[in-house]
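Let me begin by presenting the structure, written as structure tokens, before commenting on it.
The values are calculated or read from the model by the stated rules, or taken from the named source; none is laboratory data. Nothing here was measured: the structure is a model prediction, and the numbers come from that model. Cβ placement follows ideal geometry from the backbone for every residue including glycine, while neighbour counts extend to all protein chains displayed.
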Amino acid sequence: MQRSKNGMKLDDLRTLIAIAQHGSFRAAASSLAIPPATLSRRLQRLEDTLGSQLVIRDSRNVALTPLGKSYVERCQPLIASLEAATSEIQDCSHDTPRGALRVSAPVGLLTYQLMPLFNQFLAQYPEITLSLTHLSNQQHDYSPEQYDVAFRVGQQPDSSFAAAAIGESQRILVASPSYLSQHGTPSSPSELEQHARLASVPEFEWALTCKDTNKTVRLHSPVRIAIADLNSVMQAAINGLGIACLPNYVVASAIKEQQLVTLMPDWYSPPRPIYMLYQRMGYIPLHISLFVDFMRNALAKND
């Protein structure tokens, strides 16, 4: 491979690191917010500069060569240190906090609990921008290189993120008054199986525990509606199409406005923790630390 006379470019090295982290050109390009063609061009330029092949490409897989893997392992800490030093100097050079926040969150949690707080934070710090391009609760789809802060529901695996518990998601059974007047009000899981269930994907199975006996019953009865959107499931319940099992923060307003009624108070769905995940090591830029502290304090007040 012919060696390029051009000097090393940091963007090219970041490209290689992203490919190593994501295992595909498309995912790496998405994480860097660049077109795949630009990513390929940067990788080729880096290989030309070094005079060595760093990535093995075929129609299905992307893998680093042994030399590419060794190069990433040695350079990645240096890039992280350089970016941290740059952020630290930028923080010190400005009186007003500024910077770009990259955040990931489940769409339901974002809509009903987080977004109002995000708006308050941005109003308080007008020089800080927020990017919310990934709305998911998947445990395997975040890294410090992709997002500065990620919000997730449920137990989290060990990772390079610090995990701060900021609340709980408690699913509750709800139905509209019109549905209950027409079909009756269930008082036990056995009666619930005779009703139309409205499920949020992938929560097809409902696990309900009795407060008195701690006995857990799992419901597998047919689902009338299955939607991968909590708000749509709630609207179906409000319209009298069946009984839903939804997070408390989603249905709180509808219950208060008497659009929905809670059912079977002696049975509950085990609560799931809500975590805020953020970088735990090295220098944390001021705009990120301000956001983390703001969200932790704001959510604590809401408990």
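Checked against (1) at pLDDT 90 or above; (2) buried (at least 18 other Cβ atoms within 10 Å of the Cβ); (3) closer than 26 Å to Pro106 by Cβ, Pro186 passes all but a single condition, namely (3). Note on the range 160-246: no enclosed helices (runs of 4 or more DSSP H) hold 1 or more residues that are aromatic (Phe, Trp, Tyr), in contact with a helix residue (DSSP H, G or I) (Cβ under 8 Å, 6 or more places away or on another chain) and free of Cβ contacts under 8 Å to residues at least 24 places away in the same chain.
Only a single criterion out of (1) modelled with pLDDT under 90; (2) surrounded by 14 or more Cβ atoms within 10 Å (Cβ to Cβ) is not satisfied by Leu246, namely (1).
Leu290 satisfies every condition listed in (1) in the same structural domain as Ala162 (by TED's automatic domain parsing); (2) in a helix (DSSP H, G or I); (3) crowded, with 20+ Cβ neighbours inside 10 Å except (3). Tell me which of these Tyr278 doesn't satisfy, since it passes every other one: (1) surrounded by 17 or more Cβ atoms within 10 Å (Cβ to Cβ); (2) among the hydroxyl-bearing types (Ser, Thr, Tyr); (3) touching a His at 6+ places or on another chain (Cβ under 9 Å). Failed condition: (3).
Of the residues examined, Pro270 is one that is under 23 Å from the mean Cα position of the chain (by Cα) and in a loop (DSSP other than H, G, I, E, B). Just one of the listed residues (Gln279, Gln258) is of a type in the set (S, T, N, Q) and on the phi > 0 side of the Ramachandran plot, and it is Gln258. One residue is enough: does the range 248-270 have a residue meeting the conditions assigned by TED's automatic domain parsing to the domain that holds Val201, of a type in the set (Asp, Glu) and in contact with a Cys (Cβ under 9 Å, 6 or more places away or on another chain)? Checked the range 248-270: at least one residue is assigned by TED's automatic domain parsing to the domain that holds Val201, of a type in the set (Asp, Glu) and in contact with a Cys (Cβ under 9 Å, 6 or more places away or on another chain). Of all residues in the range 33-64, those that are among the hydroxyl-bearing types (Ser, Thr, Tyr) and farther than 27 Å from Tyr147 by Cβ total 3.
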